[in-house]
Amino acid sequence: MIATVPAPRLISWNITLRCPLKCAHCYVDAGDREAEGVLSTEEAFCVIDQIREIGRPIVVLSGGEPLMREDLYAIAEYGTRRGLRMVLGSSGFLIDRQAAGRLRRAGIRAAAISIDSVDPAVHDAFRGMDGVWEKAVQAVGHCLDAGIGVQVNMSVMRPDFAEIEGVIGLGSALGVRDYHLFLPVQTGRGRGIKQQSPREYEDLIRRILLEYRESALRIRPICAPQFRRIADELGIDARWSRGCLAGLTYCRIFATGDVTPCPYLPVSAGNLLTTSFGEIWQHSAVFAALRDTDRLTGKCGRCTYKAICGGCRARAYRGAAAVPVQWCDGLEQPQAPEGEICAEDPFCPYEPGEGVR
């Protein structure tokens, strides 16, 4: 077994690009059509075997909407039998009581359900269909009743603390203790979403960390690696060793078998139909670049927090002003991965040396 690089702890896997919803921020532009060359059931089993050869990471079956794939239960069961912890990432739209029971029997032990607002109209408008909020809330209950742990994923499109507080309050009333708060990244369908200023999000992260520093809830800002710097500035134990995990302890498998550092970075490190997962994870030039903080450039390269933050590599790729890649155009294989991937994060307002605010 190859052991030069520690195995990943978490893998996100887009097993399908089909989805009944039309979420405004979808990074894979999911919809009615399936990805050309999507992995078959047998190929999915082979991928699981390859993952198992190098470790036992958590594998998140995502999409699109993973329940649109009929063999979801077979894939989950196979991964469970091979000793992997199989979990689910879903809008909750298709998770009724029967589906939750089937997921539990297939080995799914946890599910991330998306709830973006306490206001059903706001959530439904963002997700592109009426009734989605109600189905998501019901899905949380169905999963918990079936013995599946639940994490609430919230897309924080506006730096509105009251909205975040409302969603956490709603989830807590339902029995949820885990929350991932996703800050916007302009890729896929979300490339046209207007963002507020980076400083407003910086202030939002600071308030979240302060408000919940004594809470028993587990709350983490996602796609906001600067939260580790802010936590250090505030003297808060952040519980996580690093902000950006892409390529270090985490990666994503695309529906066609391409492996990328994270879901928001459309750069292929290799395809599992031609190269083993272990080979890609251990020896890809893309991952090698991300693991070497000395390759970071701009203010990320000068920052004393680069070892615990790392900057968002997806936002750094192509910079803030360039037109983001559309997923339907395919994943890219850059000739010099240490270039734009290692550039400074344009969404971070911190200037090295400015000290605690």
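The values are calculated or read from the model by the stated rules, or taken from the named source; none is laboratory data. Predicted model, so just to flag it, every value in this text is computed and none were measured. As a convention, Cβ positions derive from the backbone with ideal geometry for all residues, glycine included, and neighbour counts pool all protein chains shown. We work out accessible area using only protein heavy atoms, side chains counted, and drop any ligands, DNA or RNA first. Shrake-Rupley method; radii C 1.70, N 1.55, O 1.52, S 1.80 Å.
Observations on the structure shown:
- Mean residue ellipticity at 222 nm, helices only, the chain: -9000 deg cm²/dmol; runs of at least 4 DSSP H residues each add -39,500 (n - 2.57), and the sum is divided by the number of residues.
- Formal net charge of residues neighbouring GLU163 (Cβ-Cβ distance under 12 Å; K, R +1; D, E -1): -3
- With the convex hull of the Cα atoms taken as the outline of the stretch 72-177, the averaged projected area works out to 6.6 nm².
- Gain on full stretching of the segment that runs from GLU211 to ARG158 - 0.36 nm per residue minus C-alpha separation: 17.3 nm
- When the chain is reduced to its Cα atoms, the Kirkwood hydrodynamic radius in Å: 20.6
- Solvent exposure of the chain, expressed per residue, is 42 Å² of accessible area, with all protein chains present and a 1.4 angstrom probe.
- Directionally averaged projected area (convex hull, Cα atoms, the stretch 234-293), nm²: 5.0
- Here is the list for the stretch 50-111: GluC sites (Glu not before Pro) lying in DSSP coil, each with at most 13 other C-beta atoms within 10 angstrom of its C-beta, are GLU70.
- Eligible lysines near LYS194 by straight Cα distance, threshold 18 Å, same-chain separation 8 or greater: LYS22
- Net charge of neighbours whose Cβ lies under 13 Å from the Cβ of LEU204, counting Lys and Arg as +1 and Asp and Glu as -1: -3
- For the chain, the fraction of 1.4 Å probe accessible surface lying on carbon and sulfur atoms is 50 percent.
- Dividing the convex hull volume of the alpha carbon atoms of the stretch 1-156 by its residue count gives 115 Å³ per residue.
- Residue-count net charge about THR293 - beta-carbon cut-off 11 Å; Lys, Arg +1, Asp, Glu -1: +2
- Compactness of the stretch 167-320 is given as radius of gyration and Dmax, 16.8, 48 Å, from Cα positions.
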